[in-house]
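Shown next, in structure tokens, is the structure this report addresses.
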Amino acid sequence: MRKPILAGNWKMFKTVSQALSYVEHLDGLLADIPNQSQADVVICAPATALYAVHNQAQGTPIQLGAQNVHQAEEGAYTGETSAIMLKDAGAKYVIIGHSERRQYFGETDESVNAKVQQALKHGLLPIVCVGEDLDQRNQGVTNTLVESQVRAAFNAVSADDVARSVVAYEPIWAIGTGMTATAQDANAVCTHIRSVLSDMYGQDKANLVRIQYGGSVKPDNIAELMAQSDIDGALVGGASLDPGTFASLVRNAL
Ligand SMILES: O=C[C@H](O)COP(=O)(O)O
């Protein structure tokens, strides 16, 4: 049985003071959800707020993730953040290869793979994002594309490391648009992702990997998504920005 993982991706929102007040508020709301400990609740904060959120979240069920990592150990990479730094700031997870990073910052399957390896090397758990755009979906190449993204992301990664990783299936056309894949369509792609992982690492390891769906997930559609066989959680953008909405989403997910 895979533990559900509900991760909020704040993207480029929230100052440190806004982040701290959010965490305090969310902690109080989670306390009212009796079975909340059955899920991992993660906030992927901007780099500037990581350390402060880490401190604020001590002793709460809220776990911390980052939104990006550089693939190098350290060096002259102005503006970048290493896995060592993220770990030091308190991050447990890191989102890698989000479609916004691929689209606006030139990330490729190769850089995603390097980042996955670097994150795992330093004990960060990657949340690896894959997904098709609307043209690709209309052309019927979703499974082919997602398969190549998954194979590339985990190239040369050990089976044990893959089992600790999270994959987020995020159809690009559903991100921030209010358009959600149907739960059945989303699950079909997540099942395909698991079959690819099974082909790469064997069924037992593939069954340990948690696969999230992302793309306009809200409190009112999370339950149906979570009821699917291969969806183990959600990567949530807009609906994670308000603690009340995110807490409702966690409640409805369970
Ligand atoms: O990382 C989160 C995704 O990009 C989904 O964003 P959204 O929930 O605002 O559609």
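One equal scatterer on each Cα of the stretch 107-227, no solvent, Debye formula: the resulting log10 I(q)/I(0) at q = 0.13, 0.15 Å⁻¹ is -0.49, -0.66. Taking Lys and Arg as +1 and Asp and Glu as -1, the other residues whose beta-carbon sits under 12 Å from that of Cys129 total -2.
Cross-link partners of Lys3 among lysines, defined as those whose alpha carbon lies under 19 angstrom from its own and excluding same-chain residues fewer than eight positions apart: Lys92, Lys205. R0 = 30 Å: FRET efficiency of Thr182 with Thr60, Cβ-based, nearest 0.05? Given R0 = 30 Å and the Cβ-Cβ separation, E is 0.30. From the P(r) of the stretch 92-149, can you give the percent of Cα pairs sitting at distances over 20 Å? Percentage above 20 Å: 29. A simple count of charges around Pro46, restricted to other residues whose Cβ falls under 12 Å of its Cβ and scoring Lys, Arg +1 and Asp, Glu -1, yields +2.
Estimated at 0.36 nm per residue, the fully extended path between Ser21 and Asn138 surpasses their Cα-Cα distance by 37.9 nm. Using only side-chain charges placed at the Cβ, +1 for Lys and Arg and -1 for Asp and Glu, the dipole size of the chain relative to its Cα centre rounds to 300 debye. Each part reduced to its alpha carbon centroid, the stretch 1-37 and the stretch 178-236 end up 21 Å apart.
The Cβ shell under 10 Å around Leu120 holds other residues with a net charge of +1, Lys and Arg each +1, Asp and Glu each -1. Set against the 2.2 N^0.38 Å expectation for a compact globular protein, the stretch 5-253 has a Cα radius of gyration ratio of 0.94. Phi-derived couplings, Karplus 6.51 cos²θ - 1.76 cosθ + 1.60 at θ = phi - 60°, listed residue by residue for the stretch 91-106: 6, 9, 10, 8, 6, 10, x, 4, 4, 5, 6, 5, 6, 9, 10, x Hz, with x used for Gly and Pro.
Highest mean packing comes first when the peptides 101-112, 204-215, 124-135, 172-183 are listed by Cβ atoms within 10 Å, giving 124-135, 204-215, 172-183, 101-112.
Remark: spin-label model distance Ala47-Thr191 equals 4.1 nm, labels positioned 7 Å along the Cα→Cβ axis. The sum of -39500 (n - 2.57) across all DSSP H runs of n ≥ 4, divided by the residue count of the chain, sets its helix-only mean residue ellipticity at 222 nm to -12500 deg cm²/dmol.
Just so you know, all these numbers are worked out from the coordinates, no wet-lab data involved. Just so it is clear, the structure is predicted and the values come from calculations on it, not from any experiment. FYI the Cβ positions are ideal-geometry reconstructions off the backbone, even for glycines, and counts take in every protein chain you see.
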